[in-house]
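Everything on this sheet refers to the single structure shown next.
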Amino acid sequence: MKTVLISQIKGSNGEIIVAVREPGGIAKAVKNAGSVYALAMEAANGGKSLVSVIEAHGLGDAVDLEKAYAEGKFLPPMTHPDAAHLHLTGTGLTHLGSAATRDSMHKKTSEAAEETLTDSMKMFKMGLENGKPKAGEKGVQPEWFYKGNGYGSAAPGTPLVSPSFALDGGEEPEMAGIYVIAEDGTPFRIGFALSNEFSDHVTERINYLYLAHSKLRPASFGPEIRIGAAPDDIRGTSRIKRGDKVIFEKPFLSGEANMSHTFANLEYHHFKYGLFRVPGDVHVHMFGTATLSFAEGIKAEEGDVFEIEVAEFGLPLRNPLKIAAEEEIAVKQL
């Protein structure tokens, strides 16, 4: 199957324009698409590939993606008519990092006594040992977390809003799998997209049991979805811009060549729960990272722009950081 990138743009009348292109090519609007969701459900319920459904609809006018990005017209590349039925989730401790980090991790987990390992290191070790099971076998389940629903999905180019009570707002450059659930409950993967699994690392560091709190933040993904399987070795760049200066820039690695789990194993342990196989639902599942500016001592400030880039996945994902005003929360009795 040829590689295709798909995205969503706001039209002048509020409609969704679905744009497709081959990497490096000119984007064109899919005729009578409605949305990526509509096309994906048509494919999933009709037993067809998404590319074949797109080809059947046909292509129309050219779409200037760079101009649309500059004008703030990008939508998330996957949306649901009811945002509550789009689920943002993720897994952690899945990536090996650089070769040096990999060697260090292996040495620590193989030579240290089990009782001296932190829970995080134990989880990482479990992934190293059984995160890539043989065909027909089930691998170890990963760390898993919930981020929110479609109301927490920030479009490319729009702010990632950190709540007033947050202690930190930092980027996590990751790959995300994008899925729809067919009428019969079967999960179908559309493809993969860049994602910023925005988190509060200071809160998480206080106590690992605060992980759930630290992850309840918005996330952004896109601007384009690469339809089909992900490359085995994914290499990109994560950077933070403050005004005209780049205050952080570092390569990041993903793909199964750089992971302790297979995508299939991570997908199985998410979709094994019937709750996540509700017909018509959308899932955006983020697969983890080994690169964080927080680990380099960087503290992002309001107005900083996070940028995540991998050539094979189309346009870079950019989002500025915004700090929300303090809210007074009170529960009232009915």
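The values are calculated or read from the model by the stated rules, or taken from the named source; none is laboratory data. Values in this document were obtained by computation on a predicted structure and should not be read as measured data. So basically every Cβ, Gly included, is an ideal-geometry build from the backbone, and we count neighbours across all protein chains shown.
Observations
- The lone criterion from (1) under 18 Å from the mean Cα position of the chain (by Cα); (2) more than 16 Å from residue 285 (Cα to Cα); (3) aromatic (Phe, Trp, Tyr) left unmet by residue 208 is number (1).
- Screening the candidates 300, 311 for the property of being under 14 Å from residue 192 (Cα atoms), of a type in the set (Gly, Ala, Ser) and touching a residue at least 12 places away in the same chain (Cβ under 8 Å) yields one hit, 311.
- Qualifying positions in segment 69-79 - surrounded by 13 or more Cβ atoms within 10 Å (Cβ to Cβ) and farther than 16 Å from residue 225 by Cα: 73
- Pairs with Cβ under 8 Å, 6+ apart, first in segment 171-183 and closer than 15 Å to residue 44 by Cβ, second of a type in the set (Ser, Thr, Tyr): 180/37
- The one condition in (1) closer than 27 Å to residue 69 by Cβ; (2) surrounded by fewer than 21 Cβ atoms within 10 Å (Cβ to Cβ) that residue 174 fails to fulfil: (2)
- Of the numbered criteria (1) surrounded by fewer than 21 Cβ atoms within 10 Å (Cβ to Cβ); (2) not in a strand (DSSP E or B), the one residue 237 fails is (2).
- Residues of segment 308-334 that are in a strand (DSSP E or B) and surrounded by 20 or more Cβ atoms within 10 Å (Cβ to Cβ): 308, 317, 318, 319, 321.
- The residues of segment 12-22 that are closer than 19 Å to residue 54 by Cα and surrounded by fewer than 16 Cβ atoms within 10 Å (Cβ to Cβ), listed by number, are 15, 22.
- A count restricted to segment 278-297 and to residues that are at pLDDT 95 or above and either surrounded by 18 or more Cβ atoms within 10 Å (Cβ to Cβ) or more than 18 Å from residue 146 (Cα to Cα) (or both) stands at 9.
- Checking each residue in segment 200-221 for being out of contact with any helix residue (DSSP H, G or I) (no Cβ under 9 Å at 6 or more places or on another chain) and surrounded by 23 or more Cβ atoms within 10 Å (Cβ to Cβ) picks out 220, 221.
- In segment 240-274, of all residues being surrounded by fewer than 20 Cβ atoms within 10 Å (Cβ to Cβ) and closer than 20 Å to residue 211 by Cβ, the one that is farthest from the chain's Cα centre (by Cα) corresponds to 273.
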